[in-house]
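The values are calculated or read from the model by the stated rules, or taken from the named source; none is laboratory data. Note that the structure is predicted; figures quoted are calculated from it, not measured. Because the Cβ atoms are built from the backbone with ideal geometry, glycine has one as well, and the counts that use them run over all protein chains shown. For the accessible areas, the whole protein counts, side chains as well, though only heavy atoms, and no ligand, DNA or RNA atoms are used. Shrake-Rupley method; radii C 1.70, N 1.55, O 1.52, S 1.80 Å.
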Amino acid sequence: MPPSKNAKAAISPTRAEDFPGWFQAVVKDAEVAELAHVRGSMVIRPWGYAIWELMQAELDRAIKATGSHNAYFPLFIPLSYLEAEAGHVDGFAKEMAVVTHHRLEADPENPGHLRPGGELAEPLIVRPTSETIIGKSFAKWINSYRDLPLMINQWANVVRWEMRPRVLLRTTEFLWQEGHTAHADEGEAREEMERMLDVYREFAEGFLAMPVVTGEKSAEERFPGAVTTLSIEAMMQDGKALQAGTSHYLGTSFAEAAEIEFSDREGGRQLVHTTSWGVSTRLLGALIMSHSDDDGLRLPPSVAPSQVVIVPILRGDAAPEVAAAAEELASELRGRSFGGAPVRVTVDGRDRGPADRRWEWVKKGVPVVIELGPRDLESGELAVRRRTALEGKPESVGREEFVAGVEGVLTEIQRGYFDTAAARLESRTARDITDLEDFRRWFEGDEGDSTMGGFVRAPWSEAPESLPILEELKASVRCLPLDQQLPPGSTCVLTGKPAVVEAVFGKAY
RNA sequence: CGGGGAGUGGCGCAGUCUGGUAGCGCACUCGGCUGGGGGCCGAGCGGUCGCAGGUUCAAAUCCUGUCUCCCCGACCA
């Protein structure tokens, strides 16, 4: 619904009024995604999918650069595969889609309707992740130490039957990339796990302008079946944490389950050490909650399907001339580059009022919108409006100057988003909370309250009795940061016991 | 699975208590005026009121059953 003329913000509710509601509205108004008529499932709309494709392209390049190759494995996994790894079963059993039949037949008790027929001898599950089925292939492909390391990546959809779906953040079906590698020893496998976390960190920070904390997951938050789970954690504008990517060292348990063995140099039989790592379409949600404002989506230029939109003001006799000028400007801009690729430009000459068109692109997060009318043709200037400066009049820039400097403009916007997010992460991470009272106060803000504290970085004992305290505050250990700064003799912020590690605490999505 | 709420044109809703043949805003279509902060006027299109059964001369409205969705809690990329 379009806001009234006098509305200050294009999105209702605003972040301060209702953060989750704001998020939904941004997603909807930007035409990124919407809930489908299937419970918990979403439709990713063209604008949202284009963003995902840009992410995919960049990440795919980075993954391949580490030596992994893309492949595709089955959607259906025999139940017995899952059963083979105990930890895995515990983690996923409660959220499985199970296929038990393979045909439909007329239902005699309910004319006009169909019912499942042809029961399967062994039920199939729809993959929640592919460790088990990829393991089967690995077992077949790996015979010798010469076959290692084996590094595979898959772009796929997965299904986890979530109790409480939220568009883009937690849906029953989502898209992701899952890497699976097998190595001769633990050291090599752990290196792979760390290398991929680094790929994710660079991608999040460099491409999505989203600063992250890198760390190890506590035992409670670890991936089911993993020995070690590393993650990148981003802070949303409401101070809550969002796990944006994970990388696991799986030890030899999946190798045992799928019998992935190889002959070493001495002719002995050994189990491989495996890793897995992934990021999902949840990144779209993270991106939105990191950068957007009360006027809608704000896209870093790197992931903006259109980086510059030209809105020609077509009226009267000058219309053909303006239309031609818009196309010419677009083509010149496409001759410039940003991030090593041609600048992406859209000319929006639809038969609607210019303000109407412009606001649509504002809400879609386009970094720069230029309105081009007869006046500009005469003056040789452009009315340039950056997504970061919607107030007041547009900036007036000489046409040639703008074209020549467009890469700089986009770079500035990209950097600005990162700097803003980084400043938020820094200022809303408390490093000086030492006792439980302050800790409680920090986290006691209302749900959805954007003034809620944020992260707390503090010494932790890992003692079991600290967990109920966190639960009560709806907070959790987000990670044990890789850059540990635990002063000797520290005591646990929750229990007062001797601390063994420095932890980042937060509320999480 | 527990606790709340809701199903009425594409979207958002009113009407339901006190049965009487469906209405509003937005969107959409057409015409005109407009057009650089998302505009105005006029004329239109569009709904068997979630589904099934019942009560009644008459049901969006009352009764019974059923399905679905949303919100809150336990689980999670």
Filtering segment A:199-215 down to residues that are surrounded by 22 or more Cβ atoms within 10 Å (Cβ to Cβ) and touching a Cys at 6+ places or on another chain (Cβ under 9 Å), which residue is farthest from A:Met235 (Cα to Cα)? A:Gly215
Restricting attention to segment A:398-416, does a residue exist that is free of Cβ contacts under 8 Å to residues at least 24 places away in the same chain, farther than 21 Å from A:Ser290 by Cα and near RNA strand B (Cβ under 10 Å from one of its atoms)? no
Options A:Ala326, A:Ala318, A:Ala341, A:Ala355: the member that is within 12 Å of RNA strand B (Cβ to nearest atom), small (Gly, Ala, Ser) and without any contact (Cβ under 8 Å) to a residue 12 or more places away in the chain: A:Ala355
Options A:Ala182, A:Ala204, A:Ala209; residue that is modelled with pLDDT of 95 or more, of a type in the set (A, V, I, L, M) and farther than 27 Å from A:Gly454 by Cα: A:Ala182
Can you tell me which residue among A:Glu462, A:Glu444 is buried (at least 16 other Cβ atoms within 10 Å of the Cβ), among the acidic types (Asp, Glu) and more than 30 Å from A:Val308 (Cα to Cα)? A:Glu462
Just checking, does segment A:104-123 include any residue being crowded, with 17+ Cβ neighbours inside 10 Å and either of a type in the set (D, E, K, R) or in contact with an Asp or Glu (Cβ under 9 Å, 6 or more places away or on another chain) (or both)? no
Neighbours by Cβ (under 7 Å, 6+ apart or cross-chain): first from segment A:215-228, in the same structural domain as A:Trp460 (by TED's automatic domain parsing); second among the polar types (S, T, N, Q) and modelled with pLDDT under 90: none
Among the residues of segment A:468-481, is there at least one that is open to solvent by less than 20 Å² (accessible area, probe 1.4 Å) and more than 23 Å from the chain's Cα centre (by Cα)? yes
Consider segment A:233-248. How many of its residues are open to solvent by less than 10 Å² (accessible area, probe 1.4 Å) and hydroxyl-bearing (Ser, Thr, Tyr)? 1
With the requirement that a residue be closer than 23 Å to A:Ala286 by Cα and either open to solvent by 20 Å² or more (accessible area, probe 1.4 Å) or not in a loop (DSSP other than H, G, I, E, B) (or both), what does segment A:484-509 give you? A:Ala503, A:Val504, A:Phe505, A:Gly506, A:Ala508, A:Tyr509
Return only the number of the condition from (1) in a loop (DSSP other than H, G, I, E, B); (2) more than 18 Å from A:Asp29 (Cα to Cα) that A:Leu333 does not satisfy. (1)
I want to confirm something. Restricting to segment A:438-474 and keeping residues that are part of a loop (DSSP other than H, G, I, E, B) and either of a type in the set (Lys, Arg) or modelled with pLDDT of 90 or more (or both), which single residue is nearest to RNA strand B (Cβ to nearest atom)? A:Lys474
By my count, strands (runs of 3 or more DSSP E) wholly in segment A:337-437 with at least 1 residues that are open to solvent by 50 Å² or more (accessible area, probe 1.4 Å) are A:381-386, A:395-398
From the list A:Leu314, A:Leu271, A:Leu329, which residue is surrounded by fewer than 24 Cβ atoms within 10 Å (Cβ to Cβ) and either modelled with pLDDT under 95 or of a type in the set (Ser, Thr, Tyr) (or both)? A:Leu314
Would you mind telling me which numbered condition in (1) within 16 Å of RNA strand B (Cβ to nearest atom); (2) at pLDDT 95 or above; (3) touching an Asp or Glu at 6+ places or on another chain (Cβ under 6 Å); (4) more than 19 Å from A:Leu75 (Cα to Cα) A:Gln154 fails? (4)
Residues that are of a type in the set (D, E, K, R) and under 19 Å from A:Arg424 (Cβ atoms), drawn from segment A:453-482: A:Arg457, A:Arg478
